[in-house]
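See below for the structure under consideration.
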Amino acid sequence: MNPIFQVTTNGTLTSLISFNLTNGANPIAGLTLGNDGDFYGTTTYGGSSGDGTLFRLVFTPAIIVQPQSQTNIAGATATFSVSAISLNQIAYQWARNGTNLDGQRLIAQ
């Protein structure tokens, strides 16, 4: 089996896919980054006819720094931040109890 793996900046190794004769075998060349932000590659063996496969790796966004809990005096401003990574452009929306927050002032309940 020939795996494709990911290594994070802190050294964590994650296997993304292991090829077998069903989904392909012997990946060749490097991966190509498509305009859609996904990676594409080929194998020389495997697939339904045994002549190889074209495969796609999709990377979902990941939150790398979670917002931290805070305790504030009633009426004081609380500021939260998050850090996320993605191969594609990402956006996120803050919400509290299912209500979107857009710089709104909410009173703690």
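The values are calculated or read from the model by the stated rules, or taken from the named source; none is laboratory data. The model shown is predicted, which means the values in this text are computed figures rather than measured ones. Backbone-built Cβ (ideal geometry, glycine too); neighbour counts: all protein chains shown.
Worth pointing out:
- Subset of region 54-83 (residues that are part of a loop (DSSP other than H, G, I, E, B) and within 30 Å of Gly24 (Cα to Cα)): Val58, Phe59, Thr60, Pro61
- When Val82, Val58 are screened for being farther than 30 Å from Ser18 by Cβ, at pLDDT below 85 and surrounded by 10 or more Cβ atoms within 10 Å (Cβ to Cβ), only Val82 passes.
- Filter result (part of a loop (DSSP other than H, G, I, E, B) and surrounded by 11 or more Cβ atoms within 10 Å (Cβ to Cβ)) within region 91-104: Trp94, Leu101
- Residue tally, condition part of a strand (DSSP E or B) and surrounded by fewer than 10 Cβ atoms within 10 Å (Cβ to Cβ), over region 1-12: 1
- Each residue in region 48-74 was checked for being of a type in the set (Gly, Ala, Ser) and either in contact (Cβ under 8 Å) with a residue 24 or more places away in the chain or within 19 Å of Ser15 (Cα to Cα) (or both), and 4 of them qualify.
- Scanning region 13-44 for residues that are in a strand (DSSP E or B), of a type outside the set (Val, Ile, Thr) and at pLDDT below 85 turns up Ser15, Leu16, Ser18, Ala25, Asn26, Pro27, Ala29, Gly30.
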